[in-house]
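The values are calculated or read from the model by the stated rules, or taken from the named source; none is laboratory data. Here the structure is a predicted model, which means the values were calculated and not measured. As a convention, Cβ positions derive from the backbone with ideal geometry for all residues, glycine included, and neighbour counts pool all protein chains shown.
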Amino acid sequence: MNSLRLLKKPAIIKLWLRRSLPVYLFVIISFITIKYGLTAYLKHKYPPIVKDDTVFGVRLPFAKRVYRERWLTAYDKWSPYFFLVATGIAGLWMFALLKSTSDVAHDLSMAALEKSDKAETSGDLSQAIYNLKVATSFSMDDTLIESMNQKIEKLKFSLSSRSALLSKTLTGQGRTEPEKTVVKQATDSADPIAGRYKKIKKLGQGAMGVVWLAEDAVLERQVAIKELPIHIAEDAEFKERFLREAKLLARLTHPNIVQLYDIVEDKDVLHYTMEYVEGQSMDQIVKASKLPLDTVLDYAVQILKGMDYAHGMKIIHRDLKPMNIMIRKDNIVKIADFGLAKLVGSSSVTMAGTVMGSPLYMSPEQAMGEEADERSDIYSFSMILYELTTGTPAFTGAPKDVITRQIQAMPERPSSRASIPDWLEAVILKGLSKNKEQRYQTISAMLTDIKNHKQHV
Ligand SMILES: Nc1ncnc2c1ncn2[C@@H]1O[C@H](COP(=O)(O)OP(=O)(O)OP(=O)(O)O)[C@@H](O)[C@H]1O
Ligand SMILES: [Mg+2]
């Protein structure tokens, strides 16, 4: 029973006992009222009757008798039952409070998570860890607790890890002295990044930091540069993993994927230099107007081709969303940030429903803190396709509600929002199956379905 599970959490028990203060007061007041107040009142109202017994009119000196009023006698007999009733009421009251305590605990847990996220964003990792611990102590959601615990471990790791210059990391030369932890700052100075990339303008800002358009002074070409929010640990395993992942991403070369050029270090901050895409991101395009079906299908096929290629190289995007899809001026689609979530070592879910980026495109398994696979990308892509065809995101609302709905709820059928061919609706809904076994298992299967029908559009 749920209420009994609550009693396994000391923090919740304490909260319950604190909230039960009125019950204790009730018991004490009942006790005092019944035991002393009422007794005193009855004694006052019905004072004992003293009778001098007489025999033939002669008063016997030691035969004084005290008669108690009926009321007092009855009261003496029944007062224990009054206590029983009061205790019963108190018991029921405590039980009701236990039930409502679970809601209060849930709210406290969510509030602590939010605080933790804020603390993490402002760089106060110890505070973030503390708040996460508070959140776990009040949470009853095992999956959430598990992902919070993982997050705590990750934050502890970041906290303990020290920064090292990437150049040293790459060449494997450690510093002999311990270094300060990196405090990441937006590189707003006019100096070229890494002495080589001259900033031209800000292209945008995401969860990780600013993205700049810059001129590469060596190769004399334009590049986009993004800050990476990571602490390079002295830990050899972390370095190795980072390098392995970066090498894999650098090998992704496809017309529909934004090319990673290099990872450079500037003032203790790592930067990711990549192909500059002159155009708009897909979310800007969707917001501007609803796209005609043939354009949607054209974009869809290009995205799927890029994804098919990357999946073939065993790389999963993990954070596919319209903000990460660029449409070049000549209508070539370029997927950005492929595999970046894994590179920077952060799952896209943070706690309390706040997420890196948007939860609108997050697969149920990622929303539950599980590992993503190819089929998670298929889910995210289907969410994008839903939005492209209907002009509106499948779910709306506060991030934490959207996350819950990603796990539990199917969106409205696309056809109830816009006119869309039956086959396309079926493709989208299949891609959005909560159970990943029921989705398309590969991008190529989905691509084939779309291409077959596209010819008839
Ligand atoms: N290679 C690029 N070429 C041109 N513009 C880009 C490039 N990469 C990013 N941008 C622009 O910079 C903006 C911010 O990108 P960024 O990836 O930091 O944020 P995001 O995609 O909104 O969220 P997230 O940080 O979760 O990926 C994008 O919306 C896009 O307009
Ligand atoms: Mg992005």
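Among the residues of segment 57-77, is there at least one that is under 28 Å from Leu132 (Cα atoms) and surrounded by fewer than 12 Cβ atoms within 10 Å (Cβ to Cβ)? Looking through segment 57-77, none of the residues is under 28 Å from Leu132 (Cα atoms) and surrounded by fewer than 12 Cβ atoms within 10 Å (Cβ to Cβ).
Scanning segment 270-320 for residues that are closer than 25 Å to Asn452 by Cα, among the charged types (D, E, K, R) and not in a helix (DSSP H, G or I) yields a single hit, Lys290.
For segment 208-231, the set of residues classified as within 15 Å of ligand 2 (Cβ to nearest atom) and touching a helix residue (DSSP H, G or I) at 6+ places or on another chain (Cβ under 9 Å) consists of Met208, Lys226, Leu228, listed by residue number.
Of the residues that make up segment 61-81, is at least one in contact with a Ser or Thr (Cβ under 9 Å, 6 or more places away or on another chain) and closer than 28 Å to Ser20 by Cα? Steps first, answer last, please.
In the first step, residues of segment 61-81 are kept if they are in contact with a Ser or Thr (Cβ under 9 Å, 6 or more places away or on another chain); the result is 63, 72, 75-76, 79.
From what is left, the residues that are closer than 28 Å to Ser20 by Cα are 79.
Yes, segment 61-81 has at least one match.
Is at least one residue of segment 62-83 within 41 Å of the chain's Cα centre (by Cα), part of a helix (DSSP H, G or I) and free of Cβ contacts under 8 Å to residues at least 60 places away in the same chain? Looking through segment 62-83, none of the residues is within 41 Å of the chain's Cα centre (by Cα), part of a helix (DSSP H, G or I) and free of Cβ contacts under 8 Å to residues at least 60 places away in the same chain. Of all the listed residues (Leu320, Leu304), the sole one being buried (at least 19 other Cβ atoms within 10 Å of the Cβ) and more than 14 Å from ligand 2 (Cβ to nearest atom) is Leu304. Scanning segment 6-21 for residues that are in contact (Cβ under 8 Å) with a residue 60 or more places away in the chain and either not assigned by TED's automatic domain parsing to the domain that holds Phe83 or not in a loop (DSSP other than H, G, I, E, B) (or both) yields a count of 7. Annotation note: of Ile257, Ile263, Ile285, the sole residue that is at negative phi and assigned by TED's automatic domain parsing to the domain that holds Thr390 is Ile285.
Considering the conditions (1) more than 10 Å from ligand 1 (Cβ to nearest atom); (2) under 28 Å from Phe238 (Cα atoms); (3) not polar (S, T, N, Q), Asp319 is excluded by exactly one of them, (1).
Of all residue pairs spaced 6 or more apart or on separate chains, those with beta-carbon atoms under 8 Å, a first member in segment 194-217 that is closer than 18 Å to Asp337 by Cα and a second member that is aromatic (Phe, Trp, Tyr) and more than 16 Å from ligand 2 (Cβ to nearest atom) are Trp212/Tyr197; Ala214/Tyr197. Of all residues in segment 196-207, those being under 32 Å from the mean Cα position of the chain (by Cα), more than 10 Å from ligand 2 (Cβ to nearest atom) and assigned to a loop (DSSP other than H, G, I, E, B) number 0.
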